Amino acid sequence: MYSTSRRALTRFAAQICQRRGLHAGATGATVNDAEISHFSRLSSEWWDEGGEFSFLHRMNPVRVRFIQEKLAEIARDEALDGGEITQAGSVLQGLDVLDVGCGGGLLSESLARLGARTVGIDASGANIAIASLHASADPSFRLQSSTLPPTAQQSSPGRNSLTYLHTTTDALLDSTSEAPTLSIPRQFDVVTALEVIEHVDNPTHFLDTCCSLVKPGGHLFLSTLARTPLAYALTILFAEHISGKVSKGTHTYSKYINPEELIDFFKNHPESNPAQKWISPEATSYLPRHQAELKGLIYNPLQGGWFLAPRNSMAGAQCNYIFWVRKPKVSNPA
């Protein structure tokens, strides 16, 4: 509905990067300059539903539904007797949400439309420029951006709140780096990093920074690719080299992360306080439902769509998967 030509998007991204002095490699301990350069070159493709990111366009509704349903499930568990039960469709309203590695804004826009006060960040200035331009064409957004000039900011009350920043999780944790004209929370009710961790350097540090940005009792959603022969065959051999649906070099197999590795990280996090582990270390063959959940994301080529595998099914998580984990409610002692 709010479409912009690819040529215009490319021209806008180049102008913004030149005017703001943005570059492909935003400062940060997890940023890989080659990865950022790769996605910056593809930035104009983000809103082409039949192009480079077509699989993400089809996956996005499934990811959003998982986020809504998981938040609603936890809210129902915690509702007082006789209290109002939160429905999945309204569970994001009024929450502060951070979308890490937002790309062109596919997920950020969806979350903002559902009522979340959404902040999208990306290490690629070109991606942020494209996301900002696309959102600025939609009058339903109250938009703030580190790329759009102040005269282009939409500030009418009552609109969906959406902010874009060309930054990293490291820089966001550094209070001196925040844009002085933008009101950004120090921590968020929900942090998402979907299809991001397989593109960063030092994934352990990246996860640490994401965890620090979650409020006590808040939620972290991650999705990535398992390091399995099936994932290599589907995402690199087929998608990049046979079908050509994805540009060569988009994926690096050695950066894929198996579900067990992600679970082990949260069983040991934080190292300083065993009583505040995000996932109980004694959980072996199952994940406690109130602490974490893992579901495979499976593509059905006959239907041209994605669906979720059963809860905590490792067999269904041999390629793409999505993962939810909750931060303990009590903050760790300083």
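The values are calculated or read from the model by the stated rules, or taken from the named source; none is laboratory data. All of these numbers come straight from a predicted model, not from anything done at the bench. Every residue, glycine among them, receives a Cβ derived from its backbone with ideal geometry; neighbour counts consider all protein chains shown. The accessibility values were calculated without ligands, DNA or RNA, using every heavy atom of the protein model including side chains. Shrake-Rupley method; radii C 1.70, N 1.55, O 1.52, S 1.80 Å.
In the range 189-227, what residues are part of a loop (DSSP other than H, G, I, E, B), under 14 Å from the mean Cα position of the chain (by Cα) and not charged (D, E, K, R)? Give the steps one after another, and end with the answer.
To start, the set of residues in the range 189-227 that are part of a loop (DSSP other than H, G, I, E, B) comprises 195-196, 200-202, 213, 226-227.
Remaining after also requiring under 14 Å from the mean Cα position of the chain (by Cα): 195-196, 200, 213.
Across the range 189-227, the qualifying residues are VAL196, VAL200, LEU213.
Quick one: what pairs do we get from the range 50-61, first residue open to solvent by 30 Å² or more (accessible area, probe 1.4 Å), second of a type in the set (A, V, I, L, M, F, W, C) and modelled with pLDDT of 90 or more, C-beta under 7 Å, 6+ apart or different chains?
Matching pairs, first to second residue: LEU56/LEU106; HIS57/LEU106; ARG58/TRP306.
Taking the range 238-274 as the region of interest, how many residues are at pLDDT below 90 and within 20 Å of the chain's Cα centre (by Cα)?
Count: 3.
Could you tell me whether ILE36 is surrounded by 15 or more Cβ atoms within 10 Å (Cβ to Cβ), at pLDDT below 85 and assigned to a helix (DSSP H, G or I)? If you could, list the steps in order and put the result at the bottom.
Working: surrounded by 15 or more Cβ atoms within 10 Å (Cβ to Cβ): yes; at pLDDT below 85: yes; assigned to a helix (DSSP H, G or I): yes.
Criteria met by ILE36.
Wholly within the range 252-334, which strands (runs of 3 or more DSSP E) include no fewer than the required count, namely at least 2 residues that are without any contact (Cβ under 8 Å) to a residue 60 or more places away in the chain and surrounded by 12 or more Cβ atoms within 10 Å (Cβ to Cβ)? Write out each step before concluding.
Numbers: elements: 292-300, 305-308, 320-326.
Of the strands (runs of 3 or more DSSP E) lying wholly inside the range 252-334, those with at least 2 residues that are without any contact (Cβ under 8 Å) to a residue 60 or more places away in the chain and surrounded by 12 or more Cβ atoms within 10 Å (Cβ to Cβ) span 292-300.
Identify all residues within the range 214-251 that are β-branched (Val, Ile, Thr) and open to solvent by 20 Å² or more (accessible area, probe 1.4 Å); write none if there are none. Walk me through how you get there before you give the answer.
Start the filter on the range 214-251 by keeping residues that are β-branched (Val, Ile, Thr), which leaves 214, 224, 228, 235-236, 242, 246, 250.
Hit for the range 214-251 is ILE242, nothing else.
Looking at (1) open to solvent by 40 Å² or more (accessible area, probe 1.4 Å); (2) modelled with pLDDT of 90 or more, find the lone condition where THR167 falls short.
So THR167 meets the others, but not (1).
Could you pull out the residue among GLY82, GLY89, GLY104 that is under 18 Å from the mean Cα position of the chain (by Cα) and modelled with pLDDT under 95? Spell out the reasoning first.
Working: GLY82 fails: under 18 Å from the mean Cα position of the chain (by Cα); GLY89 fails: under 18 Å from the mean Cα position of the chain (by Cα).
So the residue among GLY82, GLY89, GLY104 that is under 18 Å from the mean Cα position of the chain (by Cα) and modelled with pLDDT under 95 is GLY104.
Report every pair of residues separated by at least 6 positions or lying on different chains whose Cβ atoms are under 9 Å apart, first residue within the range 186-213 and at positive phi and open to solvent by less than 60 Å² (accessible area, probe 1.4 Å), second modelled with pLDDT of 95 or more and among the small types (Gly, Ala, Ser).
Sorted first by the residue in the range 186-213, then by its partner, the pairs are GLU195/GLY101; GLU195/SER223.
Checking LEU234 against (1) within 19 Å of TRP324 (Cα to Cα); (2) of a type in the set (A, V, I, L, M); (3) in a helix (DSSP H, G or I), which test does it fail?
(1)
Which is free of Cβ contacts under 8 Å to residues at least 60 places away in the same chain and closer than 17 Å to VAL191 by Cβ, of VAL119, VAL91?
On the way: VAL119 fails: free of Cβ contacts under 8 Å to residues at least 60 places away in the same chain.
One residue alone meets the criteria, VAL91.
Is it the case that SER223 is out of contact with any helix residue (DSSP H, G or I) (no Cβ under 6 Å at 6 or more places or on another chain) and without any contact (Cβ under 8 Å) to a residue 40 or more places away in the chain? Quick ask: steps written out before the conclusion?
Values: out of contact with any helix residue (DSSP H, G or I) (no Cβ under 6 Å at 6 or more places or on another chain): yes; without any contact (Cβ under 8 Å) to a residue 40 or more places away in the chain: no.
It is false that SER223 is out of contact with any helix residue (DSSP H, G or I) (no Cβ under 6 Å at 6 or more places or on another chain) and without any contact (Cβ under 8 Å) to a residue 40 or more places away in the chain.
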